[in-house]
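Bear in mind these aren't lab numbers, they're just calculated from the coordinates by the rules spelled out. Given the structure is predicted, the values throughout are model-derived calculations rather than measurements. Because the Cβ atoms are built from the backbone with ideal geometry, glycine has one as well, and the counts that use them run over all protein chains shown.
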Amino acid sequence: MKKVVFASLLAVATSVLSLPVAALAQDQGSQSSQITIKDPAEYNAYTSAIGQSTPAAKAAAIESFLQQYPNSVVKAEMLEQLVGAYQATGDTAKTYDAAKRLLQVDPNNLRALIFVVYVEKQQANGDQAKLDEAAALAQRGQNATKPANMTDADFQKLKDVSGPIFGNVIGADQVAKKDYKSAIATYQAELHAVKEPAQTTQGLTLADTYALGNAEVQQDPKDLVNGIWYLTRAAQYLQEPYKSNVEKAAEYWYKKYHGSMDGFDQIKQLAHDNLFPPDSYKPVPAPPPPSPQELAHNAVASTTDLDKGLSLSDKEFVLANGSPDDAQKVWAVLQGKTTEVPGTVIQATADSVQLAVSEDAKQSQKADFTINMKTPLKEVPAPGTQVTYIGTFDSYTQQPPMIVMKDGEPKQAPKAPAHHTTRRPSGK
């Protein structure tokens, strides 16, 4: 599953969620019941602000109150009401600003943490430092305790809303750091905390079901049994084109584990009906196949013309897994040869592009080809982009598997055929 697909999946999931912070504006008026405002003018300004009939008017009145009384005993309450007012107007930027200001005076305010974490996750967009900051706030939110002036029921509502948001951000931060073991624990805890089964078929919880499956197959060693389950579960409820992409990943790992697609339809039905693997989910591993070195030797021994008789992926497999003698036989027909190399960009600079070319490399999101450019690229491709380069085989390593090509250049699109106008001979 490509990283770019996961990013798109999260974008869809969060848009479906539609910022679930309606609960942020609930039951805020009771907070001042135990606070006394001694200055009559301040009290009148307070009652006037919270008594406004529209969210926009209320936000403006609260802003005026906070400017006039910056050290008021009800500052935290007023900032919390300001968050709710701006959220009711649909102004995300002002809601975010108000929530950040609230956290300055009440660092563990769960309503503010929910909104700030949600927005900062979207703003991170690949920036690890920002994602770290959002994850730290999410961790603070998970540890937040119930305020004395909030009922148990209201606090539980906020915890239910915050669970998928905090879990999604913390898990994404751990995945970005390749800490798959911690990410798996985070996503598992998030899914186990969901009370309504319907919530697991949409939004962030569904996105994190996919993320859990992906983490299971990315960790070392891989847990294919659980990875296959959660990828299959996610695929049952995702919309296209994400459904097909995730199901293809589940099928790939199932066939790799089981050896064929027998029984996969039954697993799809089980995954549709169950969030967690039931006792009846017991995929059978395939018999141990020949070792990679044996497969590589058989391919070399059974092929008369190693240049034309083996595909590029077969040659790569022999180079990565064959004995020194078999690998050298294949390299002898490749070294110095110029060819086209199609693949998925893993990382790139103007001078060098790393590609995942084999199917295993694509599924593992690891580069197996390095294309060193003849001249710097004018446009550097983004990770996940499908590209084709022309290059000359230069060197290779078995561990880690990597084929290096020199004099790389992008494959040019074919030119349109020229149109010639035929003149008619002049006639009488």
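Axis angle, to the nearest 10 degrees, between helix 264-273 and the longest C-alpha principal axis of the chain: 0 degrees.
Computed from Cα atoms, the angle from the helix 312-321 axis to the main principal axis of the chain rounds to 80 degrees. Between LEU275, LEU334, LEU191, the GNM of the chain built on Cα springs shorter than 10 angstrom shows LEU334 fluctuating the most. By its C-alpha gyration tensor, with a ≥ b ≥ c as the square roots of the eigenvalues, how is the range 264-353 shaped: rounded for a/c under 1.5, else prolate for a/b larger than b/c, else oblate? Since a/c reaches 1.5 but b/c is at least a/b, the shape of the range 264-353 is classed as oblate.
Starting from the Cα gyration tensor of the range 325-383, take the square roots of the eigenvalues, sort them a ≥ b ≥ c, and report rounded, prolate or oblate (rounded when a/c is under 1.5, otherwise prolate if a/b is larger than b/c, else oblate). Oblate. For the chain, adding -39500 (n - 2.57) for each run of n ≥ 4 DSSP H residues and dividing by the number of residues yields -17500 deg cm²/dmol at 222 nm. Among the listed values (i) 261; (ii) 135; (iii) 185, the one matching volume of the Cα convex hull per residue in Å³ as calculated from this structure is (i). Taking Cα atoms, how many degrees apart are the long axis of helix 203-218 and the longest axis of the chain, rounded to 10 and kept between 0 and 90? Taking the Cα atoms of the chain, the angle to 203-218 is about 40 degrees.
Were the residues from GLN239 through SER313 laid out at 0.36 nm apart, the gain over their Cα-Cα distance would be 23.4 nm. Going by a ≥ b ≥ c, the root eigenvalues of the Cα gyration tensor, does the range 168-270 fall in the rounded group (a/c under 1.5), the prolate group (a/b larger than b/c) or the oblate group? Because a/c hits 1.5 or more and a/b fails to exceed b/c, the range 168-270 counts as oblate. At full extension, ASP279 and ASP97 could sit 60.7 nm farther apart than now, given 0.36 nm per residue minus the alpha carbon distance. With a simple spin-label model that places each label point 7 Å from the Cα along the Cα-to-Cβ direction, the separation between ASP160 and GLN347 comes to 4.4 nm.
Protection proxy ranking for 362-374, 168-180, using the average of other Cβ atoms within 10 Å per residue and placing the highest first: 168-180, 362-374.
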